[in-house]
Every structure is written in structure tokens, then in C-alpha cells.
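Inspection log for the structure reproduced underneath, given as C-alpha cells.
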Amino acid sequence: MTQRLFIGGEWVEPDGGYYDVVNPATEEVVGQAPEASREQVYAAATAAREAFTAWSRTKPEERARILDAAADVIQREAEPYAALARAESGATTATARGMQVAVGAARFRRYAKGALEPVEQGLPPQINAAGPMGKAGVFGALAVRRPVGVVTCITSYNNPWANPAGKVAPALSMGNTVVVKPAPQDPLSVYKMAEALAEAGAPPGIVNVVTGSAPAVGEAAVDSPDVDMVSFTGSTAVGQRIAEVCGRGMKRQLMELGGKGAALVFDDADVDLAVIGIGTTFSFYSGQICTAPTRVIAQRGIYDVLVEKLTGCLTYMKVGDPAAQGTVVGPVISAAHRDRVESYIELGRKEGARLVAGGERPAFEKGFYVAPTLFADCTNDMRVVREEIFGPVVVVVPFDDEDEGVALANDSDYGLVDYVWSGDVARAFRVAGELRAGGVGVNTIGRNMEAPFGGFKKSGVGRDVGSYALHAYSELQAVVWPG
């Protein structure tokens, strides 16, 4: 397919021509994505600005209807959408269906309901004495959530459906309009999302999609004077640069950045359960997921058996074509990223970590594959322990007592999601309270999709998911009146 830009409800030829979107498994061209100019990105933000007044005044019931109808379209087209997502992202068939397209539809459903949530909160009346501010009286007040305005949504490559839907749906639900700038590696699915919204009756200009392989497109989507807020998922380094631009313009920010999830496994843990959870790092998105428990901190009493069982689980991790039945680990997103992950594996060797499994490039003629890799006997000063690798690589660090385990877990620039495995529930919850992370899984890697999601430290700013996303894409206004 050759894709055009989506600006103001129209499909627009790109000023910069097209670039190839490559299948990470086959290295074949999936389609051509448009290369927007800075002027076209600004035009998209202007279209969103022009559409904002009418959309923000649209009844919540109508906004809910459109979001619900978009979910209907996504579910109707689930199979071709999943096939496209698999082709451009390298996700396995099961992941593309269940964790990308299905989650995308579910998020539109959730925020169709979200459009109907109350936006007003009554506050206790206050009795004011007479003074410079006026006569004595009883004053009532409301705290009301209002839309922010035009929101730029810059999305990650690891999930071209769930991630953009998690931004676009709550932003629209609250009455904002959006400019979506997808990751350059797999943008075609996001255009399908725009098609679904258009079919659902979304007015022109409330959703605009611009793409480009060059950083200039994302830069324009951030610095446009028509943009009021930037919602970004991606690396901490890029997030810091975006924050600098937003700071100059006092633009609101929602940042979901890097992670290096610590998984504390205590002596009394169900080791098999912990291994199942930690092993998802090797499989889901081939380790390209910021919430993965990539940094295992294991108490010495179970250290050896944990390493042994993690090694054993790799025998079930079939690496190969994501379209083939039984494949568990597909490719990483690009040749450049494969090389980056491999450079970290080589670095781990040089730093003195013990390579237990993996470490080699799978013997496929084509595709950007990395073998699931396990390092043991690591220390917290190693770069493979401290830095986000974003691939199917797990490192294991030993610890002796609870205080040391917590200290090792917290000795990180990141703080997105950590995990605790222990048979002592009281201790698990006590430790959770000491971890400097935005989320903590206790004996699970599962998520509650109404719980707030976001990071401490360099893992982000703000919270989304559930009703917290509605709060993130709104401003609070105080309305006060005399009784």
C-alpha cells in the first residue's frame, strides 16, 4: 500500500514523498508511508485547532457514540488489521491479535464510556468574612475538568494499536483534538485507526495523522504553536528533548518513558510462577516493552534454581517467523535495533557477566532476529544492568537480605514498573511500598487497566489508563459563586 497523510479529514499527498515500511521478519516492503513536510505538520495542528471549538462543545453522548462506533469498525476489521500490525511490527500473530488490535478496540470502548463520566466535583462551601475581597458570605465552588486543546500524540513502535488508542481515545473522549505522529517503523496501522474513526463519523480535523522517517516531523508536531499538550511514549532521551521544547512553550506533557523493571524474587517465592512472569521478557514484543521484568534481583537461597529454570524456559521459546504457528519470539523492529541489542550482549560479556543462554544471532537468511539471552552473576554497576536494552535480554543479580534487595532495585535511573515475588504477602506489600516505581506487581506481571500507569524518576511524567487518562488529557477549572 501507498499511504497518504490524513489532515483535516482529507487524504493528502506528502510534500516529502514516501519511505518504505519494512517487515522485520522478511525484510520485504510492507508499504510506503508518507514523508510530511514541516508545513504539513503545522497544517495538521491548525486543522486540529480549527476543529477544537466545535468538538469540545459536542455532547458527551455523541463523542461516546463515535468512539464506540470506531471500536465496532476495528473489531469488524480485526483480521486484516492484525495481519498488517504483524507485518510492520514483527509481532507474533497471537500478540498482534490479542495485545495490539483487540486492546486498541477495548480502549475505544473504555473511553466511549469515559466520555460520560462526570467532569464536575462539588467542593464544600466556605464562609468568608467581609474584607478587601467583598462582603461576607457563603461561597460555593466546583472543580471542573475541561479539555486541554490540541494534543500531539507521539506513539511507540512496539504496539501500533494499543499505544495510539490509549492516547487518542481518552483525548477525544475529553473533547480534545489530536495530531498523531506514529513511530516511523510501523505507522500504517495508525492510518487504519484514522480510517476507522472517519467511518465512525468523527468530524474532520479532530484526528490528524502525519508521518516521516526524519526527526523533523516529530519536532514540528511538538513545537507547532497550535499544540497545547504533548503525549509521548518512547525513550527517556527523546522525552527529555521534548520536555525542553514543551517547557519553553508551557505546553502540558504526558510522558511514558524508559524502564528497567526490577523483579525481586525472595527465597520463599513460587519460583515457577516467577519464571513464567520473567520469561515474558523474552517473548512479548521480543523484549521490546518498557514494563518487562528485565532486571532480576534474586535472593541467594533460590538464585541457582531460578537461573536454572529461566534457562530451561528458553527451550520453549521458539524463535522464528511471527506468522508461523508456534512462534514465541519474533524479530526486533529493525536491523539498527538488532545491532544495538547485540552490542549490549557483547558489552555484558566484556563486563564479566556470565552468559548462560543465547548471545548468538539466529541462523535465518532474513529478518532482524535476536536470540533470547540470559546473563547471570551480574552486579549493579554493569551497564547491561543499569541501561534499558529493549530486547529479549534478562540479567540476574544476587542479593542476601530484604534491605539489600530493595536498595539494588531502587539503584536505577528508571522507575516504571517493578515486581515482587514472595510467599509472605505481608512482606511483598511492605517491599512494594519501598520501591520507587510507578507500579508494582505482587506475584504477577498482570495489569489492572483501571489502575494509574506511569513512572517515577526518568521513567516519565504523569499518569494515564482508566479514568486517570481522562484526568491527564484535561485541565482543572475552578468555578466559584456566592451563596
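The values are calculated or read from the model by the stated rules, or taken from the named source; none is laboratory data. The model shown is predicted, which means the values in this text are computed figures rather than measured ones. Here Cβ is always computed from backbone atoms with ideal geometry, including for glycine, and neighbour counts include all displayed protein chains. Heads up: the accessible areas ignore ligands, DNA and RNA and are worked out on the full protein's heavy atoms, side chains in. Shrake-Rupley method; radii C 1.70, N 1.55, O 1.52, S 1.80 Å.
What the table below lists for this structure:
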{"item": "Among the residues listed as Asn176, Asn163, Asn128, the single one being touching a strand residue (DSSP E or B) at 6+ places or on another chain (Cβ under 8 Å), more than 30 Å from Ala33 (Cα to Cα) and polar (S, T, N, Q)", "result": "Asn128"}
{"item": "Any chance Gly391 is outside any helix (DSSP H, G or I), within 27 Å of the chain's Cα centre (by Cα) and more than 23 Å from Val461 (Cα to Cα)", "result": "yes"}
{"item": "Residue list for the stretch 299-330, filter: in contact with an Asp or Glu (Cβ under 9 Å, 6 or more places away or on another chain), not in a helix (DSSP H, G or I) and not hydroxyl-bearing (Ser, Thr, Tyr)", "result": "Gln299, Gly330"}
{"item": "The lone exception for Val384 - which of (1) over 22 Å from Leu273 (Cβ atoms); (2) modelled with pLDDT of 95 or more; (3) open to solvent by 10 Å² or more (accessible area, probe 1.4 Å) it fails", "result": "(3)"}
{"item": "Near pairs, Cβ below 7 angstrom, 6+ apart or cross-chain, from the stretch 312-325 (in contact (Cβ under 8 Å) with a residue 24 or more places away in the chain) to any residue that is part of a helix (DSSP H, G or I) and open to solvent by 50 Å² or more (accessible area, probe 1.4 Å)", "result": "Pro322/Arg86; Ala323/Arg86"}
{"item": "Looking only at the stretch 272-286, and only at residues there that are touching a helix residue (DSSP H, G or I) at 6+ places or on another chain (Cβ under 8 Å) and touching a residue at least 40 places away in the same chain (Cβ under 8 Å), the one that is most open to solvent (accessible area, probe 1.4 Å)", "result": "Phe284"}
{"item": "Number of the condition not met by Thr233 [criteria: (1) more than 30 Å from Gly279 (Cα to Cα); (2) open to solvent by less than 50 Å² (accessible area, probe 1.4 Å); (3) under 22 Å from the mean Cα position of the chain (by Cα)]", "result": "(1)"}
{"item": "Exclusive hit being in contact (Cβ under 8 Å) with a residue 60 or more places away in the chain and crowded, with 24+ Cβ neighbours inside 10 Å, set Val210, Val180", "result": "Val210"}
{"item": "Any helices (runs of 4 or more DSSP H) falling wholly within the stretch 47-156 and containing at least 2 residues that are over 24 Å from the mean Cα position of the chain (by Cα) and surrounded by fewer than 23 Cβ atoms within 10 Å (Cβ to Cβ)", "result": "60-76"}
{"item": "Flag for Glu39 being over 27 Å from the mean Cα position of the chain (by Cα), in a helix (DSSP H, G or I) and touching a residue at least 60 places away in the same chain (Cβ under 8 Å)", "result": "no"}
{"item": "Filtered residues of the stretch 332-359 (kept if aliphatic (A, V, I, L, M) and either farther than 29 Å from Ala85 by Cβ or open to solvent by less than 30 Å² (accessible area, probe 1.4 Å) (or both))", "result": "Val332, Ile333, Val341, Ile345, Leu347, Ala353, Leu355, Val356, Ala357"}
{"item": "Leading residue by the ranking (nearest to Glu27 (Cα to Cα)) among those in the stretch 361-376 that are assigned to a loop (DSSP other than H, G, I, E, B), of a type in the set (A, V, I, L, M) and within 25 Å of the chain's Cα centre (by Cα)", "result": "Val370"}
{"item": "Subset tally (residues that are surrounded by fewer than 22 Cβ atoms within 10 Å (Cβ to Cβ) and touching a residue at least 40 places away in the same chain (Cβ under 8 Å)) for the stretch 241-257", "result": "3"}
{"item": "Criterion (open to solvent by less than 50 Å² (accessible area, probe 1.4 Å), within 26 Å of Arg447 (Cβ to Cβ) and out of contact with any strand residue (DSSP E or B) (no Cβ under 9 Å at 6 or more places or on another chain)) met by exactly one of Ile289, Ile302", "result": "Ile289"}
